[in-house]
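Data block below; observations after.
The values are calculated or read from the model by the stated rules, or taken from the named source; none is laboratory data. These numbers were taken from a predicted model, which means no experiment stands behind them. Using ideal geometry, Cβ is built from the backbone for each residue, glycine included, and neighbour counts are taken over all protein chains shown.
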Amino acid sequence: MRQGRTWVFLKRPGIIAHVAVGGPKEKEGPLAQDYHKVYDDVYLGKKSYEEAERQLLIDAVALALRQAQLTRDEIDVFLSGDLLAQNITASFAARSLGRPFLGIHGACSVSMEGLALAASLVDSGYALRVMTGTASHNLAAERTYRYPTEYGAQKPPTAQWTVTGAGVGIVSLEPTPLIIRAATVGRVIDMGLIDPLNMGAAMAPAAFETIMTHLNDLGRTAKDYDLIVTGDLGKIGRNLLLEMLHKESIPFEEERLLDAGLMIYHPEQEVFAGASGTASSATVFYGHLLNQMERGLIDRLMMVATGALMSPTTFQQGESIPTIAHAVTVERMEGS
Amino acid sequence: MKQVSLPEATSYQQMAKTQEEKRSVVTNVLRAFLVGGLISLLGQGLMWMYETFFGFTEKNASNPTVATLVFLSVLLTALGHYDKLGQWAGAGATVPVTGFANTMASTALDFRSEGLVLGVGGNMFKMAGPVIVFGVVSAFIIALIKTIWQLLV
């Protein structure tokens, strides 16, 4: 059902399995207990970082199937995207899954893009079970978007650290306490910021716009939520989001508006302004946050995954950074 | 429900600027001076060593000196330390010849997964290329100016 720009799901599509896996640095972070699997080697025993990223997603997919006690054939559609050229991580993971596949792209917003689409496919009856997820790898992203991994250039404090990890969920109408209530697909927002080493600032307005649309469409305020969590705004982006909310005098509590990019690492782990990457929102959501919901610590959550949609080519050609944010509300329902 | 609007692009850009954390120029310059200076000091020491013990002259002792510094930089790059040094020391690590060696070694390492010819061979000069291109171009212009000057004076 459409409510303004927001999709409201009436048949209670839910998340029946959720998995997060993390790399060696993530294992040292405060969410260590929330990963279903962690790796000590950044290569995961593979020959390249691209192959390692792929393995993160393949492993998360396998773990999700095991958790839901499903075979591969019981997944109707796999929705996935990533940060590497041509969505290779998603496509190659789909190759080993061997099920119908739709590659999606939204940079780091892809986790919620996938979840929103999964919920709508299940709610409308086109699919019984949809698997969705994404992976990113710090060093694969570094060499794709920035400099060679061992290059000694100095990064500014506004830079962010791409998460090595993957997050996967399975959506269906089967009984689960984790119900997907509504989703808002974001508009592309471009405030004219050009610094690719300060993406949090570029993405904050997109997060602001999507959060406000989601709340207004549902007739709610921020106070109706136990938590609103953005994907990877980092310190600077989050501060800017808070500033915009204050300027518009939106009532909210700062400690209930968090950023996944600030939850993954300890401050002394030196990640500049915070974490980023498709796995930033995906690992925190499919790991920590859904674990907390299952334990009854969160009843209503809005997850807002943010993405910067530029490429190294557009940056070199002097273009600004278009950004996007997608929001999904998940609610805990006892006995459903 | 209250209708909210996004801030104007220009006012948002101003707002974003105030949130940006600035790097301390003084600390950065001091670190660059310290590390860049130490690398140069090491180079000078190596030069004396090659002159005193290996029979090089002041003119050609720079050749083994540069080779040694390049070797050390490549070694540190391969062991995963040079990028950390670069983050700490900034220009102090990138400007000396060791920084140039690091750009080439790090690119070669990165593209090893794409094979020796198209990977390492095809990309090794990707980062170092601009330095060489503009080095040659500026040397040409300076030589041109010098030649014209000598013809006129």
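Would you pick out the residues in the range A:284-301 that are touching a helix residue (DSSP H, G or I) at 6+ places or on another chain (Cβ under 7 Å) and within 18 Å of A:Glu26 (Cα to Cα)?
Hits for the range A:284-301 are A:Val284, A:Phe285, A:Gly287, A:His288, A:Asn291.
Which residue, of B:Leu109, B:Leu118, is touching a residue at least 24 places away in the same chain (Cβ under 8 Å) and of a type in the set (A, V, I, L, M, F, W, C)?
Matching residue, one of B:Leu109, B:Leu118: B:Leu109.
For the range A:115-174, give me each residue that is among the basic types (Lys, Arg) and modelled with pLDDT of 95 or more.
A:Arg129
Does at least one position in the range A:7-26 carry a residue that is over 24 Å from A:Tyr145 (Cα atoms) and of a type in the set (Asp, Glu)?
No.
Output the residues belonging to the range B:75-100 that are more than 10 Å from chain A (Cβ to nearest Cβ) and either surrounded by 15 or more Cβ atoms within 10 Å (Cβ to Cβ) or under 12 Å from the mean Cα position of the chain (by Cα) (or both).
B:Val95, B:Pro96, B:Val97, B:Phe100 - these are the residues of the range B:75-100 that are more than 10 Å from chain A (Cβ to nearest Cβ) and either surrounded by 15 or more Cβ atoms within 10 Å (Cβ to Cβ) or under 12 Å from the mean Cα position of the chain (by Cα) (or both).
For A:Ala118, are the conditions met, namely being more than 14 Å from chain B (Cβ to nearest Cβ), within 20 Å of A:Leu70 (Cα to Cα) and either under 15 Å from the mean Cα position of the chain (by Cα) or in a helix (DSSP H, G or I) (or both)?
When the stated conditions are applied, A:Ala118 passes them.
Could you tell me whether any residue of the range A:158-181 is more than 9 Å from chain B (Cβ to nearest Cβ) and under 28 Å from B:Phe125 (Cβ atoms)?
Looking through the range A:158-181, at least one residue is more than 9 Å from chain B (Cβ to nearest Cβ) and under 28 Å from B:Phe125 (Cβ atoms).
Quick check on the range A:190-201: of everything there that is surrounded by 22 or more Cβ atoms within 10 Å (Cβ to Cβ) and among the hydrophobic types (A, V, I, L, M, F, W, C), which residue is farthest from A:Arg300 (Cα to Cα)?
A:Leu193
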